[in-house]
Every structure is written in structure tokens, then in C-alpha cells.
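Structure record follows, encoded as C-alpha cells.
The values are calculated or read from the model by the stated rules, or taken from the named source; none is laboratory data. As the structure is a computational prediction, the values presented were derived from the model and not from experiment. Using ideal geometry, Cβ is built from the backbone for each residue, glycine included, and neighbour counts are taken over all protein chains shown. Keep in mind that these areas ignore ligands, DNA and RNA; they rest on the heavy atoms of the full protein, side chains included. Shrake-Rupley method; radii C 1.70, N 1.55, O 1.52, S 1.80 Å.
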Amino acid sequence: MQGLELSREFYRQCAAPAIAERFGERASRIAAGLAGQGSDCLGYDDEISRDHDFGPGCCLWLTDGDFAEFGSELQKLYDALPGEFMGFSRNTTPQAAGRVGVIPISRFYAQFTGCPDVPPNEASWFRIPEHFLNAATSGEVFIDDLGEFTRIRKALLPCYPRDVLLKKLAARVFVMGQAGQYNYGRIVKRGDSPAAMLALDEFVRAALSALHLLNRRYMPYYKWAFRSARALPRLAVAVGELELLFSAPEADRKSIIESVCVSVRDALAEDGLSSISESFLVPQAEEIMKRIGSDYLKKLGVSVG
């Protein structure tokens, strides 16, 4: 059983009845689900994942006012729920303290976005890394009659606002061209293998992010980036080529890099984000910048993202 299913059943069988009995009408003000950091929130957990921060539990989200009014009482109820459920006990590390239990809605979102509500402007949006937004919008909301938690969640999905998305995409495309198409080959000619691997890593990370952004998705934490990319509905061939890069013979890597870049160029054209035919992605990044309407974002360097 995966963590999200376990959490859903724990809420349904244990938490929900106890909350309804104790809080009556106030129970409708409590949102519940599982979201945030952790492979279980992404549906990626397996037996290996169970050695830390795994087991029965759920998030109970409250507005600031409700948290001040009855948050402590709700936490006491939560702490009294069964410690073992369906054969599992929760295994919590200090680093994961506070991932489940009673959490103010504002605190939950602020830990990932820096904002207690929907980010108010482009600068606020731009500062938020993709993997934090992926975590903030992960998992599942089991119930939210009040709708406050879901209101913010929906505003964060499916991806950045258009201008912010374009600015981040321009930066990723620029790095792909600079690290993969330009620097990687030059470093190889110099015989500096460690530096070449660093350039290859920069290219792959930027490419994975670009593929997510072109699919209007947030890329998760790096160790799940490939798994997430494999499920993207668009540019699957490019994802497969990226997987080959680290194991491919040196002689094949330049052609693989070029093929991935051509796929990205074609996707930019399909989306109306570029009208030039060059496969070198540095000028493609400049083309994306031209489509940004925000003066704040246009003033940032093309590689800033």
C-alpha cells in the first residue's frame, strides 16, 4: 500500500469520525488531505521509502482564526488517534516534523512559496523554485468544505503565470544551449572529463525543467525529476534521449544533445514562442524573452531564472 492511500483510509476511518464527534458543525471548517514534501505525496513511495517519514497520518488545515480558536484542541485529538493502522506505524524523523497533523493554511503555503496566500505579484512568483511549488500542490485534498485551502491550491496550478513561466523557460533554454550545445563539446576537446560531466549535468537539469515547463507542470525535487518527466504527455522522445545521455558513448552524446534541443525548438514553435529555425537554443531563449510582457521580468538577464 502506498502512503497516499494509507493516509486517505486513516482519515476516513479514524480521523473523520473522531473530528465529527468532537467538533460537530466546526468540523466543516477543517480541510484534510496529504500534501507537501515526501515521495508519498507524489505517489512515488515504495518499500524503500518506508524507512523514514512513512505511516498513517494526514494533514488537517485550518485558517489562522480557526487555528487560534481550536487548533490546540484539534491537535490533541489528532495525537490521540491510533498510532498503528492497517499494520503500519508512523516513522518520523526530526527533519519531517510537522508534515502531518494540524497546520495553519497560511503556514503550509508560506513554507513553500514564502507567501501565506496566493503570491501577490510576478516578483513573488518568480522567486519560488519549481520543486517547492510542486510540493505545495502535491498529494490530494480529501475534504475542504470551507474551500480556503483549495482556493490557494487552485491558484498555484497548473503552473506559473504566463510571463513568469516564459522567463523561467527562457533561462532553461539558454542553459541548454550554453552548457550542452556550446560548452560540453569544447570541454571534451580539452580533455577535462570532470568538467564535461558537470556541463552535461547542467544541460540535463535545465532540459528536464524545460520539458516540464513546456508541459505546464512544476518539476519536482531532483531525485524525482526523471520519474515525473516520464509521465509528461508531451516530448516523451526527448525525455528518453535525456535518460540515455549519462550511459551513452562519448561519440554519441553530441548528437543526442542536439536531438533534444531540436525537440525543444519545435515545441517552442508550436507554442508560438519562437519564429526562428535555429536549433542552437541561445537565440531561441532571446526569442522567448521577446514574448514577455512584464517590464520587471524583461529587465532580468536571459540566464536568470
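Taking the range 108-139 as the range and being out of contact with any Ser or Thr (no Cβ under 8 Å at 6 or more places or on another chain), more than 24 Å from A225 (Cα to Cα) and without any contact (Cβ under 8 Å) to a residue 40 or more places away in the chain as the test, the residues that pass are V118, P120, N121.
Among residues of the range 265-289 that are under 17 Å from Q178 (Cβ atoms), those with a beta-carbon under 8 Å from a residue that is open to solvent by 20 Å² or more (accessible area, probe 1.4 Å) and aliphatic (A, V, I, L, M) at least six positions away or on a different chain give the pairs S279/V262; P283/I276; Q284/I276; A285/V302; E286/V302; E287/I276; M289/V302. Looking across the range 19-45, the residues that are touching a helix residue (DSSP H, G or I) at 6+ places or on another chain (Cβ under 8 Å), open to solvent by 30 Å² or more (accessible area, probe 1.4 Å) and in contact (Cβ under 8 Å) with a residue 12 or more places away in the chain come down to R22, R26, R29, Q37, L42, Y44.
Remark: pairs (first residue in the range 141-155, touching a residue at least 60 places away in the same chain (Cβ under 8 Å) and at positive phi; second residue open to solvent by 30 Å² or more (accessible area, probe 1.4 Å) and outside any helix (DSSP H, G or I); Cβ separation under 6 Å; 6+ apart in sequence or on different chains) are absent. Of all residue pairs spaced 6 or more apart or on separate chains, those with beta-carbon atoms under 9 Å, a first member in the range 80-106 that is of a type in the set (D, E, K, R) and a second member that is open to solvent by 30 Å² or more (accessible area, probe 1.4 Å) and modelled with pLDDT under 85 are E84/R90; R99/T92.
Each row is one residue, and each column tells you yes or no for (1) within 22 Å of L300 (Cα to Cα); (2) part of a helix (DSSP H, G or I); (3) hydrophobic (A, V, I, L, M, F, W, C).
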| position | (1), (2), (3) |
| --- | --- |
| I103 | no, no, yes |
| H131 | yes, yes, no |
| T150 | no, yes, no |
| A155 | no, yes, yes |
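Among all residues of the range 166-180, there is none that is at pLDDT 95 or above, closer than 26 Å to P233 by Cα and not in a helix (DSSP H, G or I).
Of all the numbered requirements in (1) touching a strand residue (DSSP E or B) at 6+ places or on another chain (Cβ under 7 Å); (2) surrounded by fewer than 14 Cβ atoms within 10 Å (Cβ to Cβ), G87 misses one, and that requirement is (1). Considering only residues of the range 28-60 that are modelled with pLDDT of 90 or more and of a type in the set (A, V, I, L, M), which is nearest to A231 (Cα to Cα)? Restricting to residues being modelled with pLDDT of 90 or more and of a type in the set (A, V, I, L, M), the top hit is L42.
In the set E25, E21, E84, which member is more than 22 Å from R153 (Cβ to Cβ), modelled with pLDDT under 95, charged (D, E, K, R) and over 28 Å from the mean Cα position of the chain (by Cα)?
Working: E25 fails: modelled with pLDDT under 95; E21 fails: modelled with pLDDT under 95.
After ruling out the rest, the residue left standing is E84.
Summed over the range 156-211, the residues that are in contact (Cβ under 8 Å) with a residue 40 or more places away in the chain, within 15 Å of Q284 (Cβ to Cβ) and not polar (S, T, N, Q) give a count of 18.
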